[in-house]
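The values are calculated or read from the model by the stated rules, or taken from the named source; none is laboratory data. Just so you know, these numbers come straight off a predicted model, no measurement behind them. Quick reminder, even Gly has a Cβ in these numbers, built from the backbone with ideal geometry, and neighbours come from all protein chains shown. Surface areas here come from the heavy atoms of the whole protein model, side chains and all, with no ligands, DNA or RNA. Shrake-Rupley method; radii C 1.70, N 1.55, O 1.52, S 1.80 Å.
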Amino acid sequence: MNGLIWAGLWSALSMLAPTGLATNPVMPQDDDWEFAADAARNLSAATVRYEDGQAVVVQCAPAGLRVVLVGLPASTERTRILAASRADGRQDTQTWFAEPGTTAFTASVSGRDARFLRGGGVFELRSRAGSAAPVHAIFDLPTQNGNLDRVLTACGYAASDERDLLPRAGDDLKSQWQVDNAEEIARGPRRQRRSRSVSGGARGRDTAPPAPPPPAPADLSCVVREGGLSDCRFDHTLAGSTTEAERRLRFLSEMKLEQVGATANEGRVYYPNAEGQPLIVVTYERLM
(Lines give C-alpha, C1' and ligand atoms only; values in the text may rest on other atoms or scores of the structure.)
Protein backbone atom coordinates (compact mmCIF):
# COMPACT_ATOMS: atom_id res chain seq x y z
CA MET A 1 0.00 0.00 0.00
CA ASN A 2 1.23 3.49 -0.82
CA GLY A 3 1.77 5.82 2.12
CA LEU A 4 3.84 8.68 3.46
CA ILE A 5 6.76 8.47 5.83
CA TRP A 6 7.83 11.90 6.99
CA ALA A 7 11.55 12.43 7.72
CA GLY A 8 14.34 14.50 6.16
CA LEU A 9 14.58 18.24 5.60
CA TRP A 10 12.27 21.18 6.26
CA SER A 11 13.14 22.59 2.84
CA ALA A 12 11.15 19.83 1.17
CA LEU A 13 7.90 21.29 2.51
CA SER A 14 5.80 22.83 -0.21
CA MET A 15 2.36 22.80 1.39
CA LEU A 16 1.44 26.32 2.45
CA ALA A 17 -1.62 27.75 4.17
CA PRO A 18 -1.89 31.40 3.10
CA THR A 19 -4.47 32.46 5.68
CA GLY A 20 -4.81 32.23 9.43
CA LEU A 21 -7.78 29.86 9.22
CA ALA A 22 -7.41 26.32 7.93
CA THR A 23 -10.62 24.30 7.61
CA ASN A 24 -9.93 20.98 5.97
CA PRO A 25 -12.12 18.41 4.20
CA VAL A 26 -10.57 15.02 4.82
CA MET A 27 -9.58 12.77 1.91
CA PRO A 28 -11.46 9.41 1.78
CA GLN A 29 -9.63 6.80 3.87
CA ASP A 30 -12.20 4.41 5.37
CA ASP A 31 -12.55 6.73 8.38
CA ASP A 32 -9.22 5.65 9.87
CA TRP A 33 -5.77 7.14 9.74
CA GLU A 34 -3.63 6.24 6.74
CA PHE A 35 -0.83 3.92 7.85
CA ALA A 36 2.64 3.37 6.38
CA ALA A 37 5.68 1.51 7.73
CA ASP A 38 9.26 0.81 6.76
CA ALA A 39 10.54 -2.06 8.93
CA ALA A 40 14.08 -1.76 7.57
CA ARG A 41 14.39 1.75 9.00
CA ASN A 42 12.15 1.16 12.01
CA LEU A 43 9.69 3.82 10.86
CA SER A 44 5.91 3.94 10.99
CA ALA A 45 3.44 6.77 10.53
CA ALA A 46 -0.28 7.47 10.80
CA THR A 47 -1.37 10.32 8.57
CA VAL A 48 -4.50 12.29 7.76
CA ARG A 49 -4.10 14.19 4.48
CA TYR A 50 -6.45 16.85 3.20
CA GLU A 51 -7.40 18.02 -0.25
CA ASP A 52 -5.71 21.40 0.26
CA GLY A 53 -2.36 19.67 0.88
CA GLN A 54 -2.33 19.97 4.65
CA ALA A 55 -1.74 16.96 6.88
CA VAL A 56 -1.63 15.67 10.45
CA VAL A 57 1.24 13.23 10.94
CA VAL A 58 2.10 11.00 13.91
CA GLN A 59 5.43 9.28 13.32
CA CYS A 60 7.41 6.69 15.26
CA ALA A 61 11.10 6.67 14.36
CA PRO A 62 14.35 5.74 16.13
CA ALA A 63 14.49 9.34 17.40
CA GLY A 64 11.12 8.87 19.09
CA LEU A 65 7.48 9.80 18.61
CA ARG A 66 6.66 13.02 16.74
CA VAL A 67 3.32 14.75 16.08
CA VAL A 68 3.42 17.24 13.21
CA LEU A 69 0.83 19.56 11.68
CA VAL A 70 1.80 20.40 8.11
CA GLY A 71 0.63 23.44 6.19
CA LEU A 72 -0.23 25.92 8.94
CA PRO A 73 0.46 29.63 8.37
CA ALA A 74 4.21 30.29 8.37
CA SER A 75 5.34 30.80 11.95
CA THR A 76 7.00 33.97 13.15
CA GLU A 77 7.87 32.42 16.52
CA ARG A 78 9.70 29.29 17.61
CA THR A 79 7.13 28.40 20.28
CA ARG A 80 3.35 28.75 19.99
CA ILE A 81 0.96 28.18 22.89
CA LEU A 82 -2.42 27.19 21.46
CA ALA A 83 -5.79 26.34 22.94
CA ALA A 84 -6.87 22.90 21.69
CA SER A 85 -10.38 21.49 21.61
CA ARG A 86 -12.05 18.46 20.07
CA ALA A 87 -15.52 17.29 19.13
CA ASP A 88 -16.38 15.72 22.51
CA GLY A 89 -15.77 19.01 24.31
CA ARG A 90 -12.40 18.09 25.80
CA GLN A 91 -9.90 20.96 25.91
CA ASP A 92 -6.19 21.37 26.54
CA THR A 93 -3.47 24.01 26.32
CA GLN A 94 -0.76 22.78 23.97
CA THR A 95 2.69 24.08 23.08
CA TRP A 96 3.94 23.62 19.51
CA PHE A 97 7.41 24.22 18.09
CA ALA A 98 8.21 25.68 14.69
CA GLU A 99 11.18 27.27 13.01
CA PRO A 100 10.30 30.83 11.94
CA GLY A 101 9.18 30.87 8.33
CA THR A 102 8.19 27.19 8.22
CA THR A 103 4.63 25.87 7.98
CA ALA A 104 5.05 22.70 10.05
CA PHE A 105 4.38 22.68 13.80
CA THR A 106 5.68 19.87 16.06
CA ALA A 107 3.95 19.03 19.34
CA SER A 108 5.94 19.60 22.52
CA VAL A 109 4.48 16.56 24.34
CA SER A 110 4.29 13.73 21.83
CA GLY A 111 2.34 11.10 23.76
CA ARG A 112 -0.30 13.35 25.29
CA ASP A 113 -0.80 15.43 22.15
CA ALA A 114 -1.06 12.32 19.94
CA ARG A 115 -3.69 10.79 22.23
CA PHE A 116 -5.68 14.04 22.11
CA LEU A 117 -6.17 13.34 18.40
CA ARG A 118 -7.93 10.05 19.20
CA GLY A 119 -11.18 11.91 19.87
CA GLY A 120 -12.01 12.07 16.17
CA GLY A 121 -14.15 14.70 14.50
CA VAL A 122 -13.27 18.37 14.75
CA PHE A 123 -9.83 19.18 16.19
CA GLU A 124 -9.35 22.92 16.61
CA LEU A 125 -6.31 25.00 17.56
CA ARG A 126 -6.47 28.69 18.39
CA SER A 127 -3.80 31.14 19.54
CA ARG A 128 -4.23 33.36 22.54
CA ALA A 129 -6.35 36.50 22.18
CA GLY A 130 -4.28 39.45 21.05
CA SER A 131 -1.52 37.33 19.51
CA ALA A 132 0.60 39.30 17.04
CA ALA A 133 0.51 36.35 14.62
CA PRO A 134 -2.84 34.63 15.23
CA VAL A 135 -3.29 30.96 14.42
CA HIS A 136 -6.68 29.30 13.97
CA ALA A 137 -6.74 25.83 12.43
CA ILE A 138 -9.53 23.27 12.20
CA PHE A 139 -8.95 19.63 11.21
CA ASP A 140 -11.65 16.99 10.70
CA LEU A 141 -10.10 13.79 12.06
CA PRO A 142 -11.12 10.15 11.43
CA THR A 143 -13.43 8.57 13.99
CA GLN A 144 -11.38 5.34 14.01
CA ASN A 145 -7.98 5.21 15.72
CA GLY A 146 -6.63 1.74 14.96
CA ASN A 147 -3.73 2.95 12.83
CA LEU A 148 -2.92 5.83 15.16
CA ASP A 149 -2.74 3.36 18.04
CA ARG A 150 -0.35 1.16 16.02
CA VAL A 151 2.11 4.05 15.85
CA LEU A 152 1.72 4.89 19.54
CA THR A 153 2.35 1.26 20.45
CA ALA A 154 5.39 1.04 18.17
CA CYS A 155 7.01 3.85 20.18
CA GLY A 156 6.04 2.37 23.53
CA TYR A 157 3.19 4.74 24.35
CA ALA A 158 -0.16 3.64 25.76
CA ALA A 159 -3.40 4.54 24.02
CA SER A 160 -4.58 6.19 27.25
CA ASP A 161 -2.87 7.81 30.23
CA GLU A 162 -4.52 9.19 33.36
CA ARG A 163 -2.11 12.14 33.35
CA ASP A 164 -3.72 13.43 30.16
CA LEU A 165 -6.65 14.54 32.35
CA LEU A 166 -4.45 16.66 34.61
CA PRO A 167 -3.90 20.30 33.60
CA ARG A 168 -0.40 21.13 32.45
CA ALA A 169 1.89 23.24 34.59
CA GLY A 170 2.01 26.88 33.50
CA ASP A 171 4.85 29.15 32.49
CA ASP A 172 5.07 30.40 36.07
CA LEU A 173 6.53 27.07 37.22
CA LYS A 174 10.27 27.67 37.45
CA SER A 175 13.22 26.18 39.22
CA GLN A 176 14.86 28.22 41.94
CA TRP A 177 17.99 28.34 39.77
CA GLN A 178 16.01 30.03 36.96
CA VAL A 179 14.79 32.68 39.37
CA ASP A 180 18.23 33.26 40.90
CA ASN A 181 19.83 33.61 37.45
CA ALA A 182 17.01 35.42 35.65
CA GLU A 183 19.14 38.36 34.51
CA GLU A 184 21.87 36.17 33.04
CA ILE A 185 19.29 33.98 31.28
CA ALA A 186 17.58 37.07 29.81
CA ARG A 187 20.88 38.29 28.36
CA GLY A 188 21.20 35.06 26.42
CA PRO A 189 24.42 33.42 25.16
CA ARG A 190 27.50 35.60 25.22
CA ARG A 191 28.88 36.92 21.96
CA GLN A 192 31.95 35.04 20.80
CA ARG A 193 35.32 36.54 19.84
CA ARG A 194 36.32 35.32 16.40
CA SER A 195 39.70 35.59 14.66
CA ARG A 196 40.48 35.28 10.97
CA SER A 197 43.26 33.14 9.53
CA VAL A 198 46.80 34.44 9.10
CA SER A 199 46.04 35.48 5.53
CA GLY A 200 42.87 37.25 6.61
CA GLY A 201 42.29 40.71 7.98
CA ALA A 202 41.13 41.91 11.37
CA ARG A 203 41.19 39.68 14.42
CA GLY A 204 38.95 39.55 17.44
CA ARG A 205 35.68 40.48 15.75
CA ASP A 206 32.52 39.84 17.80
CA THR A 207 30.09 37.33 16.32
CA ALA A 208 26.66 36.40 17.58
CA PRO A 209 26.33 32.76 18.67
CA PRO A 210 24.19 30.59 16.40
CA ALA A 211 20.55 30.20 17.33
CA PRO A 212 20.03 27.05 19.41
CA PRO A 213 17.97 24.26 17.90
CA PRO A 214 14.41 24.00 19.21
CA PRO A 215 13.81 21.64 22.12
CA ALA A 216 12.73 18.09 21.46
CA PRO A 217 9.27 16.93 22.53
CA ALA A 218 9.02 15.80 26.12
CA ASP A 219 9.07 12.06 26.79
CA LEU A 220 8.72 12.13 30.57
CA SER A 221 6.55 13.87 33.14
CA CYS A 222 6.27 14.75 36.82
CA VAL A 223 3.43 15.90 39.05
CA VAL A 224 3.84 19.07 41.11
CA ARG A 225 3.24 18.16 44.74
CA GLU A 226 4.12 19.89 48.01
CA GLY A 227 6.52 22.35 46.43
CA GLY A 228 8.48 19.85 44.33
CA LEU A 229 8.30 17.42 41.44
CA SER A 230 7.11 13.93 42.34
CA ASP A 231 6.27 10.66 40.61
CA CYS A 232 8.64 11.49 37.73
CA ARG A 233 8.48 8.83 35.04
CA PHE A 234 9.03 8.21 31.35
CA ASP A 235 5.77 8.25 29.45
CA HIS A 236 6.76 5.35 27.19
CA THR A 237 8.19 1.90 27.78
CA LEU A 238 11.26 2.20 25.54
CA ALA A 239 13.40 4.30 27.89
CA GLY A 240 14.26 1.26 29.99
CA SER A 241 16.32 1.54 33.15
CA THR A 242 19.53 2.86 31.62
CA THR A 243 21.91 4.95 33.67
CA GLU A 244 21.03 8.06 31.64
CA ALA A 245 17.29 7.51 32.10
CA GLU A 246 17.70 7.07 35.84
CA ARG A 247 19.90 10.19 35.98
CA ARG A 248 17.24 12.30 34.27
CA LEU A 249 14.52 11.14 36.64
CA ARG A 250 16.69 11.69 39.72
CA PHE A 251 17.65 15.19 38.54
CA LEU A 252 14.01 16.20 38.21
CA SER A 253 12.97 14.66 41.52
CA GLU A 254 15.72 16.61 43.30
CA MET A 255 15.11 19.92 41.51
CA LYS A 256 14.27 22.84 43.79
CA LEU A 257 11.27 24.82 42.57
CA GLU A 258 10.46 28.47 43.15
CA GLN A 259 7.75 28.17 45.76
CA VAL A 260 5.20 30.74 44.57
CA GLY A 261 4.99 29.07 41.16
CA ALA A 262 5.04 25.60 42.71
CA THR A 263 2.09 26.45 44.95
CA ALA A 264 0.12 27.87 42.00
CA ASN A 265 0.73 24.67 40.01
CA GLU A 266 0.01 22.16 42.77
CA GLY A 267 -1.42 18.96 41.30
CA ARG A 268 -0.56 19.86 37.70
CA VAL A 269 1.64 17.77 35.42
CA TYR A 270 5.01 19.07 34.25
CA TYR A 271 6.57 17.96 30.95
CA PRO A 272 10.25 18.93 30.71
CA ASN A 273 11.61 19.25 27.18
CA ALA A 274 15.04 17.95 26.16
CA GLU A 275 16.87 21.15 25.20
CA GLY A 276 19.06 21.15 22.14
CA GLN A 277 17.61 18.09 20.41
CA PRO A 278 16.40 18.31 16.80
CA LEU A 279 12.72 18.06 15.96
CA ILE A 280 11.19 15.96 13.26
CA VAL A 281 11.80 17.44 9.84
CA VAL A 282 9.71 16.72 6.85
CA THR A 283 10.07 15.40 3.33
CA TYR A 284 8.18 12.90 1.21
CA GLU A 285 8.96 9.31 0.50
CA ARG A 286 6.61 6.83 -1.18
CA LEU A 287 6.38 3.32 0.19
CA MET A 288 5.25 0.57 -2.17
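First measure r as the distance between the Cβ atoms of Phe251 and Val179, then evaluate 1/(1 + (r/R0)^6) with R0 = 22 Å and state the FRET efficiency to the nearest 0.05. Mind showing how you got there, number by number?
On the way: r = 18 Å, r/R0 = 0.81.
Approximately 0.80, to the nearest 0.05.
From the alpha carbon centroid of the range 230-249 to that of the range 82-152 is 26 Å.
Model label sites at Glu77 and Ala133, defined 7 Å from Cα along the beta-carbon direction, differ in position by 0.9 nm.
Residue ranges 176-187, 112-123 sort as 112-123, 176-187 when ordered by packing (mean number of other C-beta atoms within 10 Å per residue, highest first).
If you roll a 1.4 angstrom probe over the protein chains with everything in place, what fraction of the accessible area of the range 66-143 belongs to carbon and sulfur, to the nearest %? Intermediate results must be reported in sequence, preceding the final value.
Values: 1330 of 2660 Å².
Roughly 50 percent, rounded to a whole number.
Beta carbons within 10 angstrom, averaged per residue: use that to sort the peptides 36-48, 54-66, highest first. Walk me through the numbers before you get to the answer.
Values: 36-48: 18.4, 54-66: 22.2.
Order by mean packing, descending: 54-66, 36-48.
Note on Asp171 and Ala40: their simple-model spin labels are 4.6 nm apart, each label 7 Å out from Cα toward Cβ.
Using a simple spin-label model with pseudo-atoms 7 Å out from Cα toward Cβ, Gln259 and Ser160 lie 4.0 nm apart. Across the range 80-144, Cα-Cα pairs farther apart than 17 Å form 40% of the total.
Protection proxy ranking of 91-103, 224-236, by the mean of other Cβ atoms within 10 Å over each peptide's residues and highest first, is 91-103, 224-236.
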